[in-house]
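This report refers to the structure that appears directly beneath it.
The values are calculated or read from the model by the stated rules, or taken from the named source; none is laboratory data. Not measured: the values here are computed from a predicted model. Cβ coordinates were reconstructed from backbone atoms using ideal geometry, including for glycine residues, and neighbour counts include every protein chain displayed.
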Amino acid sequence: MTRKNPGSAAHSDLPTAAARSRKSHVSEKAGRFTESVIREMTRQAQQYGAINLAQGFPNFPAPAEIKQAAQAAIAADVNQYAITWGAKSLRDAIARQAKIWQHLEVNPETNVTVCCGSTETMIASLLAVTNPGDEVIIFEPFYENYGPDTILSGAQPRFVKLRPPAEGTGEWTFDPQELRSAFNPHTKAIILNTPNNPTGKVFTQSELELIRDLCVEFDALAITDEIYEHILYDGAKHISIARLDGMGDRSITINGMSKTYSVTGWRVGWAIAPAPLTHAIRKVHDFLTVGAPAPLQEAAAAALSLPENYYVQLADGYRRRRDLLYESLVTAGFSAYRPRGAYYIMTDIRGFGFSSDIEFAKHLVKDIGVAAVPGSSFYADPQSGSRQVRFAFCKTEATLAEAAQRLLRLAH
Ligand SMILES: Cc1ncc(COP(=O)(O)O)c(C=O)c1O
């Protein structure tokens, strides 16, 4: 093979400079989405010394037991590649807990793939099941990764609106007719996120049954992001759509360590799926990342063995934080939607008279000292979210109290 040296005379036979400069070195796909606004807001929080209520990561410690398990695994030299689709100890723990929590029958040898966070699990799943031109239904507002995920996998997103309650305390809902008309013979899958980011909605049994009926009628898959499974309030119950009749062989259930165990930096997540889909997801995952961090998979297995009381305390701690932030937002003049799950509060900012969510979020981070996420980043058409801003409350009560003080300046 011969290679031209960039400095050699061989360059004289290259096309003219004008022709040469017209070739884009950036892919058409990468050009179709922007950087994450959520992660950008974290950088701005650092720049302005603001309290970061933008990105969903806790600022309090992870459970001591699981940190010790991670340290022990490293000390025991679990430091090389794990099995591509996940350490056996972790897959066994995932299967065991899926049975206990959601009554799912999961074979750890054929139904589980461990990936680098649920982020990789989602894109690996989409790459494993979609062909160019396939349609994927997404409820909006949506967690911003789903947009680029569909673009990267070549699928065509179709958005169905979740509508806010008239009063702050009601439920976000969708119009069943609008959902039905989004399904068609090209529909490959629907992405569900319950409990939901950013709305805090927890899909009910009857909503899931309606979605199930459409999936069966149109032979579509449900890809469900259940990363906030254990963060529920006011008696809300989490239901995996995979456990409904008819969904066992058409569901990919995604979950992970990040939120339940306050370790967003560990990057361990997983998919539970029927064997043929698991086979495809495992292949894609292998060539994307080979595997998730080996010692942290051992720690994840230990985490999944924490007693039931851990989850009770987790949800209770978040309920207190939710109430704290909700009250502060209302006092500061926001219309806020009280979430029933996950750890975000979506707000309506119309009362403040700003021209857009972007302008408002800029003011918040620079002048008020609190970072939040502009609502537009959760919608395909930015205009739809231009009157909304999302706050995260996965922070210590002291941090939330300080944020409350700062937000009061908005009222003056
Ligand atoms: C709905 C949802 N899915 C996935 C993630 C990311 O999860 P992971 O850290 O497992 O990649 C987040 C993080 O905020 C999220 O809100």
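May I ask you to list the residues in region 387-412 that are over 19 Å from P61 (Cα atoms), of a type in the set (A, V, I, L, M, F, W, C) and buried (at least 17 other Cβ atoms within 10 Å of the Cβ)?
Result: V389, F391, A403, A404, L407, L410.
How many of the residues making up region 331-366 are over 19 Å from R163 (Cα atoms), in a helix (DSSP H, G or I) and either of a type in the set (K, R) or touching a residue at least 40 places away in the same chain (Cβ under 8 Å) (or both)?
8
Among the residues of region 217-230, are any surrounded by fewer than 20 Cβ atoms within 10 Å (Cβ to Cβ), in contact (Cβ under 8 Å) with a residue 12 or more places away in the chain, of a type in the set (A, V, I, L, M, F, W, C) and away from the ligand (no atom under 13 Å from the Cβ)?
yes
Of the residues in region 340-366, how many are touching a Ser or Thr at 6+ places or on another chain (Cβ under 7 Å) and within 16 Å of the ligand (Cβ to nearest atom)?
Count: 1.
Just name the residue that is surrounded by the most Cβ atoms within 10 Å (Cβ to Cβ) out of those in region 37-56 that are away from the ligand (no atom under 12 Å from the Cβ) and among the hydrophobic types (A, V, I, L, M, F, W, C). It would help to see each step written out before you state the result.
Of all residues in region 37-56, those away from the ligand (no atom under 12 Å from the Cβ) come to 37, 40-41, 43-53.
From what is left, the residues that are among the hydrophobic types (A, V, I, L, M, F, W, C) are 37, 41, 45, 50-51, 53.
On the way: V37: 17, M41: 24, A45: 20, A50: 23, I51: 23, L53: 29.
Going through the qualifying residues, I end up with L53.
What pairs can you find where one residue is in region 261-282 and over 22 Å from A315 (Cα atoms) and part of a helix (DSSP H, G or I), the other is near the ligand (Cβ under 9 Å from one of its atoms) and modelled with pLDDT of 95 or more, and their Cβ atoms are less than 9 Å apart, with a gap of 6+ or different chains?
Listed pairs, sorted by first residue: I281/C115; I281/T121.
Please work out which residue is farthest from the ligand (Cβ to nearest atom), limiting yourself to region 186-212 and to residues that are out of contact with any strand residue (DSSP E or B) (no Cβ under 7 Å at 6 or more places or on another chain) and either among the aliphatic types (A, V, I, L, M) or at positive phi (or both).
Residue satisfying both the conditions and the ranking: L210.
I need the full set of residues from region 141-171 which are crowded, with 20+ Cβ neighbours inside 10 Å and either of a type in the set (S, T, Y) or touching a Pro at 6+ places or on another chain (Cβ under 6 Å) (or both), in order please.
P141, Y143, Y146, T150, S153
If you go through region 193-210 one residue at a time, how many are of a type in the set (V, I, T) and over 27 Å from S335 (Cβ atoms)?
Qualifying residue count, region 193-210: 0.
Identify all residues within region 168-222 that are polar (S, T, N, Q) and part of a helix (DSSP H, G or I); write none if there are none.
Once the filter is applied, which keeps residues that are polar (S, T, N, Q) and part of a helix (DSSP H, G or I), region 168-222 yields Q177, S181, Q205, S206.
Got a number for residues in region 144-176 being out of contact with any helix residue (DSSP H, G or I) (no Cβ under 6 Å at 6 or more places or on another chain), aliphatic (A, V, I, L, M) and away from the ligand (no atom under 16 Å from the Cβ)?
Adding up the residues that qualify gives 2.
Could you list, in sequence order, the residues of region 283-294 that are part of a helix (DSSP H, G or I) and buried (at least 22 other Cβ atoms within 10 Å of the Cβ)?
Once the filter is applied, which keeps residues that are part of a helix (DSSP H, G or I) and buried (at least 22 other Cβ atoms within 10 Å of the Cβ), region 283-294 yields only H285.
Being out of contact with any strand residue (DSSP E or B) (no Cβ under 9 Å at 6 or more places or on another chain) and under 17 Å from A361 (Cα atoms) narrows it down to one of Q383, Q388, so name that one.
Q383
Please work out which residue is nearest to I231 (Cα to Cα), limiting yourself to region 289-324 and to residues that are under 21 Å from the mean Cα position of the chain (by Cα) and hydrophobic (A, V, I, L, M, F, W, C).
Step by step, filter region 289-324, then rank; the result is A315.
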